[in-house]
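No value in this document is a laboratory result; all are computed from the given coordinates. Just so it is clear, the model here is predicted, and its values are computed rather than measured. Positions of Cβ are generated from backbone atoms using ideal geometry, with glycine treated the same way; all protein chains shown enter the neighbour counts.
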Amino acid sequence: MKKAIMFLVTVLTVVLCGVSLAEEANSEILDVLNAAGIQNPVQLSQWGDTGACFAETDGVKHLIVLERHDTDWEIVIDNPTALIQEWDWPELYSDTDTAIYWEYNNFDGEHAVVFSSWRDNGIWGNVDAYISSGADDYAMITAHEINWKEYAGGELLHTIYREDENGNIASETSARYPAAWLADCSDLAEYNVKRFPSFGFFEQESAAPDQDFLREAAAALMPEYTFIKGLMKNDAMHFLMEKPDGTRVYVICEYQSHREVRLIESTPLPEGTALGYENFTDSLWIDGRCVTIHLLYNGNAGIEYIYNDSAYPDETGGFLFFGDRTIWDGSEVSAQTILYGDHPWDDITQIDWNRLPHTLEEASLQMDSSNYAMVVNPNPADRLHLRERADKGSRSQGKYYTGTPVTIGGQEGDWTQVIFGDWRTWSHGYMMKRYLTFGQPGSALRLDLSAMPQLFSKDGEMLKVYDEAQAVSLYTYHQNEDHNTMKVIGIIGDEWYHIWFPATGEYGFVRQSDLWSGNG
């Protein structure tokens, strides 16, 4: 599909060869249009046995498609919902008699191509969209491809490509959304642009993105609830809904791994909770604060950050950020002090919304760090060995910086069995007890991360993060924006760094040669 789309987009540059001006079109097509009451077709195009144009009737913009059967032309599609009514006419193109596409141009070099192809059964098929935005600081172009598929009863496939100036794909990600309710408007004859999400591109600046799609999704997924507002985030659909008893809840719909709908519903929200406030369009407005929810690495949905102007009059800007067992303040994820421990804000199905913290001090009092400890080297420039056994002569599995959090697995004399990592990259061993600071119930560990080096990918864009400190292990790519959140917690031999992402709880390994030298 990607190659087909790129071919269609390329054809746009040579469209003048088609000579599709209305005055040069087949007079028989004009006669058919006139007979149907269409006196002034817009951008009439004819190629082979297919003709197309736009028309306006009673203030409504239509897409018209004609076909020649034997020797006679006839209108086969007259669709009043295919075009964005509030926008100017798009550019209509046709390079063969089996494909029709039209292009919208937006600000900052953004454009969208919408197209449909003729099927062997004589039906103009599903309408697909290809949306491209302008180049960023790295001369990368972001392109979105939106396709409706019949799989699993009907779903949307949203693919995001990042391309360089030569059209080479640097990265590709995709997400799926349940969309069985769009089956009746997926083909060109019934296509309704307002019922499909466009991830903000087709929306007026004053309108919330994709509300029509989200409203219809909510009605299909939660028919007993009332839709208040929605948004698309984290490759999922987020909803503010009202239950039959009048209470409001926040619901996230996931649909990724097994084509199964998973609804994560919050505990009841305080009365008057709204979704979207001023610049915080993806935040809940709760008791004078912006509270933003996101999906966590462990599958839960929790609080991402809380913003409160009055709580922090200084330069921190009123932010409290929440991660996997972590909380920090300020406007930068690279904060040097992070609270660490179990906290009650990582699961919206359990949160008491009336006990949200205003400050780090308030947050710490609701945390439990009794299962955790922190590496504290006598000299911050030193690093603590992770031993294979509780023996100073045992093999070292790596050396770790002050501030590294560990989970306590047990005690053996002067040694503590420690565990750290996520579900993909568990590490365990023994560290000397005297170089660890242990947490307590009813408070958080305060991680001092100042000794950890801040290192960045050499190519400035993508970074390979491996599951193990081995070149043959599996790896994932992390984007440039993740690098500011990455902490180097340890060094494995002469080739590898052990890294941690405090915001997500992810761990992994990075080749030392892939990063610029730092202070470590």
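Summary of packing: across the peptides 222-233, 444-455, the per-residue average of other C-beta atoms within 10 Å ranks them, highest first, as 444-455, 222-233. Considering only Cα-Cα distances, which of the following residue pairs are longer than 22 Å: LYS194/LYS229; LYS458/LYS487; LYS399/LYS487; LYS233/LYS487? Violating the 22 Å Cα-Cα cut-off are LYS233/LYS487. Exposure proxy ranking for ARG387, ARG395, ARG511, based on other Cβ atoms within 10 angstrom of each Cβ and starting from the fewest, stands as ARG395, ARG511, ARG387. For ARG119 and ASN279, the FRET efficiency from 1/(1 + (r/R0)^6), where r spans their Cβ atoms and R0 equals 60 Å, is about 0.85.
Residues whose amide H falls under 5 Å from that of TRP496, counting only those 5 or more places apart or on a different chain, are GLN512, with hydrogens built in the peptide plane. In this calculation the C-beta distance from ASP391 to GLN470 is compared with R0 = 25 Å, giving a FRET efficiency of 0.50. Using a simple spin-label model with pseudo-atoms 7 Å out from Cα toward Cβ, ARG511 and THR337 lie 3.9 nm apart. Take the alpha carbon atoms of region 362-421, find their center, do the same for region 46-113, and report the distance between the two centers in whole angstrom. About 65 Å separates the Cα centre of region 362-421 from the one of region 46-113.
Taking other C-beta atoms within 10 Å as the exposure proxy, ILE100, ILE264 rank ILE264, ILE100 from fewest upward.
Cβ crowding within 10 Å, taken as a proxy for footprinting-reagent exposure, orders VAL418, VAL249, VAL60 from fewest neighbours to most as VAL60, VAL249, VAL418. Once C-alpha pairs closer than 8 Å and six or more residues apart are averaged by separation and normalised to the residue number of the chain, the relative contact order reads 6 percent.
Sorting 467-477, 364-374 by their mean Cβ neighbour count within 10 Å, with the most densely packed peptide first, gives 364-374, 467-477.
Judged by the mean number of other Cβ atoms found within 10 Å, the most tightly packed of the peptides 376-383, 210-217, 431-438 leads the ranking 210-217, 431-438, 376-383.
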